[in-house]
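A.B. asks: Following this message is one structure expressed as structure tokens.
The values are calculated or read from the model by the stated rules, or taken from the named source; none is laboratory data. Model, not experiment: these values are computed from the prediction. No Cβ is skipped: glycine too gets one built from the backbone with ideal geometry, and neighbour counts run over all protein chains shown. In case anyone asks, the SASA skips ligands and DNA or RNA and just uses the protein heavy atoms, side chains included. Shrake-Rupley method; radii C 1.70, N 1.55, O 1.52, S 1.80 Å.
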Amino acid sequence: MDKLLIIGATGLLGSKALELAERRYESYGTYNTNKKKSLLQLDVTDKSAVDAIFNKLHPDFVLDTHALNNVDYCELHRNEAFNINVAGSVNIIGACYRLGAKYVSISSDYVFDGKKSLYTEKSLQNPLNYYGRTKWAAEIMPAIVGLDAIVARTSSIYGIGSSTGKKSFVPWLIENLKKGNSTDVLSDLYYSPTYNIDLAKTAFDLYDAEQSGLFNVVGSDCISKYTFAQMISKEFELDTNLLKPISSTDLNQSAKRPRKAKLSVNKLVSAIAQKPVGVKHGLKLLHKEMIERGLW
Ligand SMILES: NC(=O)c1ccc[n+]([C@@H]2O[C@H](COP(=O)([O-])OP(=O)(O)OC[C@H]3O[C@@H](n4cnc5c(N)ncnc54)[C@H](OP(=O)(O)O)[C@@H]3O)[C@@H](O)[C@H]2O)c1
């Protein structure tokens, strides 16, 4: 059984990836600030700490889900964003290189400016914000240094996150609508919501299929947050009238965002003959998951 280390196992993706991985690999996970007993503490900006964990575990492969994800915060705190998203990734890539571990990481549709109608793995990056720049640097690094790696480039991850982590969009919206709160949702920026279970499973399937390189891994609908919110409200039978569409110009956001960066998943389908589900199906799966866990 292959040995896997998941970095960022308290996050929206990493916590779910660890649950799935425990059925497939000998699995270990790390937290940084959200302490969890079953996980190892690791701050990826500390190179000697990264090296120490790798020396102890000797993983066959690493799923790196760590990041500073708050796009506006990254815009205003560039050194911190660089240290975590770029220098932190370099530390992990260096350790993988040294011990011959395969590196699997997650990039973002924010590496693009949104001016093209469809982006493939060959499209040129042109990020509009600093977060996108850090993800661009991290996604090209393994290929530049010749590390065997898979980079899964995704968009707007949704699902149930870890019990220790922050509340993600779907649970946050459900809670708001259940309380009867009127909720503003952006209607002029488009994303491809991607179910966290689907993304984690796809990353593992790519690894098992001995694939390497960059793959777009996104849900099949590219929609606005407002349409996504309407679909969530419908699936969970909540009051759709509480949703108020707003424009990004109404918000005084520090970082620019692409209006619509739709990613093609043709390369993924050719590699493993599967792709993440669309929103309607994904929300049904999430609803079922929440019922099974007593969260609904
Ligand atoms: N969320 C999205 O919509 C989205 C869209 C496109 C791409 N992505 C990419 O997908 C990946 C996963 O995103 P996510 O939403 O699951 O992230 P998340 O929920 O914000 O979780 C981030 C994880 O990174 C860890 N972390 C942060 N700083 C760290 C540091 N200095 N050292 C070690 N670990 C650190 C956190 O640990 P603690 O919680 O313990 O501090 C947490 O486990 C990221 O690479 C992100 O850029 C996300």
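A.B. asks: Going by amide H atoms built from the backbone, whose H comes under 5 Å of the H on Leu263, apart from near neighbours?
C.D. replies: Tyr119
A.B. asks: I want to verify the translational diffusion coefficient of segment 113-168 in µm²/s; compute it with Stokes-Einstein, Rh as the Kirkwood radius over Cα pairs, at 25 °C and 0.890 mPa s. Spell out each step's value before the answer.
C.D. replies: On the way: Rh = 13.9 Å.
The Stokes-Einstein estimate is 177 µm²/s.
A.B. asks: What is the ratio of the Cα radius of gyration of segment 148-216 to 2.2 N^0.38 Å, where N is its residue count, to two decimals?
C.D. replies: Details: Rg = 15.8 Å, N = 69, 2.2 N^0.38 = 11.0 Å.
Normalised by 2.2 N^0.38 Å, the Cα Rg of segment 148-216 equals 1.43.
A.B. asks: Could you give me the percent of Cα pairs per 5 Å distance bin for segment 189-260, shortest bin first, beginning at zero and ending with the bin that holds the maximum distance?
C.D. replies: Going out from 0 Å in 5 Å bins, segment 189-260 shows 3, 12, 17, 17, 17, 14, 10, 6, 4, 0 percent.
A.B. asks: How big is segment 45-154 on each of its three principal axes, counting only the C-alpha atoms and giving the largest first in Å?
C.D. replies: Principal extents (Cα only, largest first): 45, 30, 18 Å.
A.B. asks: Next question, about the same structure. Output wanted: per-residue J couplings in Hz (rounded whole) for segment 131-139, from phi through Karplus 6.51 cos²θ - 1.76 cosθ + 1.60, θ = phi - 60°, x for Gly and Pro.
C.D. replies: Rounded to whole hertz, the list is 3, x, 5, 5, 5, 4, 4, 5, 6.
A.B. asks: Could you report the chain's accessible area per residue, 1.4 Å probe, as an integer in Å²? Write down the numbers at each step before the final one.
C.D. replies: Numbers: 13700 Å² over 296 residues.
Heavy-atom accessible area per residue stands at 46 Å².
A.B. asks: Also: Calculated from DSSP H runs of 4 or more alone, at -39500 (n - 2.57) each and per residue, what is the 222 nm mean residue ellipticity of the chain, nearest 500?
C.D. replies: On the way: 11 runs with 112 residues, N = 296.
For the chain, the value works out to -11000 deg cm²/dmol.
A.B. asks: For the chain, what proportion of DSSP beta bridges, expressed in % and rounded to the nearest 5, is antiparallel? If you can, show how the numbers build up before the last one.
C.D. replies: Working: 2 of 34 bridges.
That works out to approximately 5 percent antiparallel.
A.B. asks: So, one more: Which cross-chain or sequence-distant (5 or more) residues have an amide H under 5 Å from the amide H of Ile157, H modelled 1.01 Å from N in plane?
C.D. replies: Excluding prolines and chain starts, which carry no amide H, the hits are Thr194.
A.B. asks: Here's another thing I want to ask about it. Taking 8 Å as the Cα distance limit and 6 or more residues as the minimum spacing, I'd like the relative contact order of the chain as a percentage.
C.D. replies: Details: 599 pairs, mean separation 59.3, N = 296.
It comes to 20 percent, rounded to a whole number.
A.B. asks: Here's another thing I want to ask about it. May I ask for log10 I(q)/I(0) of segment 3-292 at q = 0.13 Å⁻¹, from a Debye sum over the Cα atoms as equal point scatterers with solvent left out?
C.D. replies: Treating every Cα as an identical point scatterer, log10 I(q)/I(0) equals -0.89.
A.B. asks: Which of Ser247, Leu63, Thr227 sits farthest toward the positive end of the charge dipole of segment 3-292, with +1 on the Cβ of Lys and Arg and -1 on the Cβ of Asp and Glu?
C.D. replies: Ser247
A.B. asks: Which of the GluC sites (Glu not before Pro) found in segment 158-249 are in a DSSP loop and have at most 14 neighbouring Cβ atoms, other than their own, within 10 Å?
C.D. replies: Values: sites: Glu175, Glu210, Glu235, Glu237; in loops: Glu210, Glu237.
Qualifying residues, ordered by number: Glu210, Glu237.
A.B. asks: Taking Cα centroids, how far is segment 120-165 from segment 241-296 in Å?
C.D. replies: Cα centroid to Cα centroid, the span is 16 Å.
A.B. asks: Give, in whole angstrom and from largest to smallest, the semi-axes √(5λ) of the equivalent ellipsoid of segment 171-296, with λ running over the eigenvalues of the Cα gyration tensor. Before the final figure, lay out each step's value.
C.D. replies: Working: eigenvalues 166, 83, 23 Å².
Equivalent-ellipsoid dimensions as semi-axes: 29, 20, 11 Å.
A.B. asks: Using θ = phi - 60° and the Karplus form 6.51 cos²θ - 1.76 cosθ + 1.60, what ³J(HN,Hα) does each residue of segment 272-283 get, whole Hz, x for Gly and Pro?
C.D. replies: Once θ is set to phi - 60°, the couplings for segment 272-283 become 10, 6, 7, 8, x, 6, x, 5, 4, 5, x, 5 Hz.
A.B. asks: If you don't mind, there's one more thing I want to ask. With θ taken as phi - 60° and the coefficients 6.51, -1.76 and 1.60, list the Karplus ³J(HN,Hα) couplings across segment 169-180 in order, rounded to whole Hz; mark glycine and proline as x.
C.D. replies: After applying 6.51 cos²θ - 1.76 cosθ + 1.60, I find 4, 5, x, 5, 5, 4, 4, 4, 5, 5, 7, x Hz.
A.B. asks: Based on Cβ point charges of +1 for Lys and Arg and -1 for Asp and Glu, what charge dipole magnitude is obtained for segment 148-296 about its Cα centre, in debye rounded to the nearest 20?
C.D. replies: Numbers: 20 positive and 15 negative charges, 80 e Å.
So the magnitude is around 380 debye.
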